[in-house]
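Notes follow the structure.
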Amino acid sequence: MKNENIEIKIAKQTIDLLKQYAVAKTQTDKDNLLKQINDINLIAYLSITQENYDALDLATKIEKAIKLDKFRPKNKPITLLAVDKDLENITGEFNTFDIKLNKMFKHNEDPKKIRDRFKVGITNASILAKQFSKDWIRRINNHKDLADIARKAPKSKAVNAYNDLFFALTQDFCKEYDCHISTKIVTDWEKSDIKPKSDGEKTIGFLCQGLSFPKYTSIQEQDKVCQDFDKNPEKYPNVYRQFFVRINITKIRENHPEPTDFFYAVLSSFAHEMHHALDIHNPRAGALGPQISKIDQQIYTPASKDINAYHNSASEISSYKIEQELFNQLKKSRF
């Protein structure tokens with residue numbers, strides 16, 4: 001399956017419509033083109049109708065933004081990059097930065113207000129959910145034999161079948177994002193090697209992380225590295241962050257007893273947790289960006305303590321969007 005970039009495809013469609021709009025002769029034609037622009041790219045529509053951007057100028061800026069896409073944090077929509085005052089000054093990787101959010105966090109404002117502010121910086125989450133879901137379906141198609149075995153596996157063989165599939169998908173994912181993730185199916189949190197500290201009765205998927213050290217690294221040296229790693233990871237080329245994803249298929253089966261929906265739900269829950277790992281490991285490639293990811297981790301509240309705070313976590317918003325989108329895409333395609 002072709003690895004298509006949905007955002008760039010929409011950006012190119014927008015450019016074509018903007019160029020048509022610039023030479024349209026009648027108001028009816030202009031209105032029709034504006035409606036099409038609004039349907040696919042609200043930011044471009046608002047730039048024309050409310051910010052008085054010249055259509056050809058905006059098209060040129062979007063073309064420039066496409067050329068700079070490799071430098072763009074994915075939480076910044078391409079069209080917002082196009083209208084950014086710094087567009088002409090971009091020569092390498094950069095991160096989005098919200099000064100107001102930084103001040104709110106620095107001054108210890110109410111976490112609820114900070115979470116509300118997150119929404120400004122994750123406007124791209126919905127389109128990225130579509131992209132990430134498309135990417136997962138591409139990976140699954142690359143291992144269709146394992147996917148078919150997992151889908152058809154009787155309950156007694158499901159653990160091994162899904163572990164084999166997850167191992168292959170994780171290898172592909174980590175190759176793409178240069179990460180280290182261990183994934184495993186569990187049927188009972190009490191028997192799992194890694195388990196949630198609370199709310200196990202409701203928990204479907206679980207992610208935790210740690211550092212992986214070379215063999216024979218002393219406890220004292222490990223403690224020293226742990227205190228410094230986040231600030232200076234480049235000082236420790238032989239140490240890397242290791243993520244552990246566990247998916248409880250017993251819990252999923254309770255919610256999705258129908259076999260096909262169960263298959264879709266297992267894959268969607270798996271993707272949910274994998275993107276939590278991505279948000280921490282490489283937030284520029286996810287929906288959050290480094291600033292939001294860092295703050296979100298520090299004010300994160302588990303569902304067992306505050307369900308509303310949990311669901312308003314930037315990372316949970318992103319991962320749930322991906323989970324739901326992937327489930328829907330799988331169901332729609334009848335994979």
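The values are calculated or read from the model by the stated rules, or taken from the named source; none is laboratory data. Computed from a predicted structure; not experimentally measured. All Cβ positions, even for glycine, are placed from backbone atoms using ideal geometry, and neighbour counts span all protein chains on display.
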Given the criteria β-branched (Val, Ile, Thr), surrounded by 22 or more Cβ atoms within 10 Å (Cβ to Cβ) and closer than 30 Å to Thr217 by Cβ, does Val245 qualify?
yes
Determine, yes or no, whether Glu234 is acidic (Asp, Glu), closer than 27 Å to Lys331 by Cα and exposed (fewer than 14 other Cβ atoms within 10 Å of the Cβ).
no
Of everything in the stretch 154-200, what is polar (S, T, N, Q) and within 18 Å of Ala271 (Cβ to Cβ)? Give them in sequence order.
Asn163, Thr170, Gln171, Ser182, Thr183
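Here's the yes/no breakdown for (1) buried (at least 17 other Cβ atoms within 10 Å of the Cβ); (2) under 10 Å from the mean Cα position of the chain (by Cα):
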{"residue": "Ala271", "(1), (2)": "yes, yes"}
{"residue": "His275", "(1), (2)": "yes, yes"}
{"residue": "Gly286", "(1), (2)": "yes, yes"}
{"residue": "Ser293", "(1), (2)": "yes, no"}
{"residue": "Gln297", "(1), (2)": "no, no"}
{"residue": "Asp306", "(1), (2)": "no, no"}
{"residue": "Ser315", "(1), (2)": "yes, yes"}
Among the listed residues Lys195, Lys202, which satisfies the condition of being of a type in the set (Lys, Arg), farther than 22 Å from Trp136 by Cα and surrounded by 14 or more Cβ atoms within 10 Å (Cβ to Cβ)?
Lys195
Glu7 being of a type in the set (Asp, Glu), modelled with pLDDT of 95 or more, touching a Pro at 6+ places or on another chain (Cβ under 9 Å) and surrounded by 13 or more Cβ atoms within 10 Å (Cβ to Cβ)
yes
From the list Glu201, Glu221, which residue is within 28 Å of Lys294 (Cβ to Cβ) and of a type in the set (D, E, K, R)?
Glu221
Among the numbered criteria (1) within 20 Å of Ala125 (Cα to Cα); (2) in contact (Cβ under 8 Å) with a residue 12 or more places away in the chain, which single criterion is violated by Tyr21?
(1)
Qualifying helices (runs of 4 or more DSSP H) (wholly inside the stretch 173-282; at least 1 residues being at pLDDT 95 or above)
249-255, 259-281
Could you count how many residues in the stretch 34-80 are without any contact (Cβ under 8 Å) to a residue 24 or more places away in the chain, closer than 21 Å to Phe118 by Cα and under 19 Å from the mean Cα position of the chain (by Cα)?
1
Report those helices (runs of 4 or more DSSP H) wholly inside the stretch 59-158 carrying at least 3 residues which are modelled with pLDDT of 95 or more and under 23 Å from His256 (Cα atoms).
125-142, 144-152
Under the condition of being β-branched (Val, Ile, Thr) and within 14 Å of Lys184 (Cα to Cα), which residue from the stretch 138-173 is surrounded by the fewest Cβ atoms within 10 Å (Cβ to Cβ)?
Val159
Within the stretch 286-312, the residues that are in a loop (DSSP other than H, G, I, E, B) and under 24 Å from Glu7 (Cβ atoms) are Gly286, Ala287, Leu288, Gly289
Determine which member of the set Leu81, Leu87, Leu128 is under 25 Å from Asn312 (Cβ atoms) and of a type in the set (A, V, I, L, M).
Leu128
